[in-house]
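Values quoted throughout were computed directly from the atomic coordinates according to the rules given, and no laboratory measurement underlies them. Remember, predicted model here, so these are calculated numbers, not experimental data. Virtual Cβ from ideal backbone geometry, glycine too; neighbours counted across all protein chains shown.
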Amino acid sequence: MAIRPELKPDLACEEAMTGSAPRSVVILGATGSIGKSTADIVVGARGALKVTAVAGGRDPIALARVARDLGAGFAALADPAGYAELKEALAGTGIKPAAGRAAVIEAALHPADIVMAAIVGTAGVEPTFAALAAGRTVALANKECLVCAGAAFIRKAASLGTQLLPVDSEHNAIFQALGAADHDTVEKITLTASGGPFRTWSAEAIAKATPEEALKHPNWSMGQKVTIDSASLMNKGLELIEAHHIFGIEPERLDVVVHPQSIVHGLVAFRDGSVIAGLAAPDMRVPIAHCLFYPRRLKTAARRLDLASIGQLTFEQPDFQRFPALRVALECLRIGRGLPTVLNAANEVAVEAFLARRISFHDITRLVELCCQTALRDGTAWEPLSVEEALAIDHMARERARALLAQPFASGMLTSR
C-alpha cells in the first residue's frame, strides 16, 4: 500500500505508555469536532500525551480555552482579526498567541511526535503539508489534503519515510483490516456510508431539503461542511479519492455500500475469498486514539460496541439517481488529472452557498459538475505535481464557481444541465 507504515516499535509511544515520557502532539483544527474529540483523548490519557501547540480558525475565545485546558505552549488563530482577543484571553498564562496563515504553519512545525491534522477544507492543505515535509508523523483527519493534492502528499511521505495515519473512521478501519497484507492480494476495498438524513427520501423531497434538514445526521456529530457532504454522499466520493491515494488502490478496486447503522466502517476483500471488516461504535475517539498511539493501543472512554443490543446490520447499494454527487466524484476519480482538485474546490463553494440559502440542495451537485465539465474543456484541470499547483487549480475552480453563482438563477444556468 502507498502509505503503509512498517509495524515496528515506536519508542516515543512505548515510553509514553510506560509513563516515562509523554507523546507530544500538535492539534490543527483544535476547536472543531475532531479537535474536541482529540482533546478528550488527551485528557483521558492522563499524562501519556502532551499538547505542544494548537491552531484554530476564527474563534479566539474557544481556542484560548482549548490551549489553557490542554496546557499548550503555543496557540495560533487563522483569522488575524482575532489576534487581540486571543492575546487578551491568554494573558498571564504563559501561552504564546499568534494569528494568520504563517502562525498556523508555525503551529504545524512545532516540536511534536505527531500532528493531528483536523483543519476543515482546503485551508488545511498548506499547514498539513508543512508538518509532513518537516518529518512529523501526521494523523490525517482532513480528507481534502489528499483529494486536492494527493500525489504531492504521497511522494513527500514516501521520500521522507514519514507516517501518514488515516483518522477518518472508514480509512482507519481499512488500515487496521489490511494489517501487513500485500496490496496485490486485495480484490476490493469497500467504504461504508450511513446514507445520511435523506437515505429514504424521494429525489423530489431531497431537492427541496433545507439546511436544517440536511444537518440532521442520524449517527454522527460533525461540523456543518462534513455533515452537508454526508447528506449528499459527496463525502463518500471524497473518501474514495482519499482511499485511492492512501492505499495505492486503483478506482476499479474501490467500492461503496450504504450501511445505516454505521457500525461496519470498511471492508477488505482478498483474492482468496476472505473479507475482513473494521467495526466500531460511531465514535471518532476510536480512530483518533488508534492514530495517536499507533502502533500501541491505549484504553479509552470511547463508546464500546454491543452487537447484541444493535440486533442487526443492514447494507444497501447507493442510489446514484437520488445522490448524483457520488457519481460525479467517481467520474472525477476515474478521469483523474486535476479534476478531484476542481471537484473539492467547487463543492466547498457550493456547500457554503447552500448553507447561506443561495442555492437548493440539488444545485450543489449541479454547480460542482458544471465546474468540472468546464475545467476539462478549458484545460484548467491539469495534474497538479505540487501543493502550489494544486492550490492554483483550487483557486481557479473557486473563482469559476463563484462567477457561476453570481449569474441569475432565473436564466436556468444550473437547472438546465
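Counting other Cβ atoms within 10 Å of each Cβ, which chymotrypsin sites (Phe, Trp or Tyr not before Pro) in region 310-417 have at most 15 and sit in a DSSP loop? Mind dumping the intermediate values first?
Numbers: sites: Phe315, Phe320, Phe354, Phe361, Trp382, Phe409; in loops: Phe315, Phe320, Trp382.
Taking region 310-417 and a limit of 15 other Cβ atoms within 10 Å, the loop chymotrypsin sites (Phe, Trp or Tyr not before Pro) found are Phe315, Phe320, Trp382.
Distant-in-sequence amide contacts of Ala78, defined by a placed amide H-H separation under 5 Å and a gap of 5 or more residues or a different chain, comprise Gly56, Gly57, Gly100. Report summary: the helix-based calculation at 222 nm, which adds -39500 (n - 2.57) for every DSSP H run with n ≥ 4 and divides by the residues of the chain, gives -14000 deg cm²/dmol. Among the trypsin sites (Lys or Arg not before Pro) found in region 177-265, those both in a DSSP coil and sparsely packed, with 16 or fewer other Cβ atoms within 10 Å of their Cβ, are Lys208, Lys216. Annotation: amide H of Ala139 within the under-5 Å range of Val115, Met116, Ala117, Leu165, sequence separation 5 or more or interchain, hydrogens built in the peptide plane. Treating each Cα of region 11-172 as one equal point scatterer and applying the Debye formula with no solvent, the log10 of I(q)/I(0) at q = 0.08, 0.12, 0.18 Å⁻¹ comes out as -0.21, -0.47, -1.05.
Comparing His290, His245, His183 in a Gaussian network model of the chain (Cα springs below 10 Å), the most mobile by mean-square fluctuation is His183. Pairs of Lys residues in the chain are counted when their Cα atoms are under 13 angstrom apart and they lie 8 or more places apart or on different chains; the count is 4. Placing pseudo-labels 7 Å out from each Cα toward the beta carbon at Glu187 and Glu252 gives an inter-label distance of 1.6 nm.
Kindly identify region 99-216 as rounded, prolate or oblate by the Cα gyration tensor criterion: order the square roots of the eigenvalues as a ≥ b ≥ c, call it rounded if a/c is under 1.5, otherwise compare a/b with b/c, prolate if a/b is larger, else oblate. Since a/c reaches 1.5 but b/c is at least a/b, the shape of region 99-216 is classed as oblate. Spatial offset of region 155-173 relative to region 212-267 amounts to 18 Å, using the alpha carbon center of each.
Here the Karplus curve 6.51 cos²θ - 1.76 cosθ + 1.60, taken at θ = phi - 60°, turns the phi angles of region 188-199 into couplings of 7, 10, 10, 9, 9, 10, 5, x, x, x, 10, 4 Hz, with x standing for Gly and Pro. When the Gaussian network model of the chain links Cα atoms closer than 10 Å, the mean-square fluctuations of Ala134, Ala345, Ala356 top out at Ala356. For the chain, modelled as a GNM whose springs connect Cα atoms under 10 angstrom apart, the maximal fluctuation among Phe198, Phe153, Phe270 occurs at Phe270. Using a Förster distance of 35 Å, how high is the FRET efficiency between Arg357 and Gln321, based on the Cβ-Cβ distance and rounded to 0.05? According to the calculation, E is roughly 0.90. Taking one equal scatterer on every alpha-carbon of region 73-154, how large is log10 of I(q)/I(0) by Debye at q = 0.12, 0.13, 0.14, 0.25 1/Å? At q = 0.12, 0.13, 0.14, 0.25 Å⁻¹ the computed log10 ratios are -0.36, -0.42, -0.48, -1.16.
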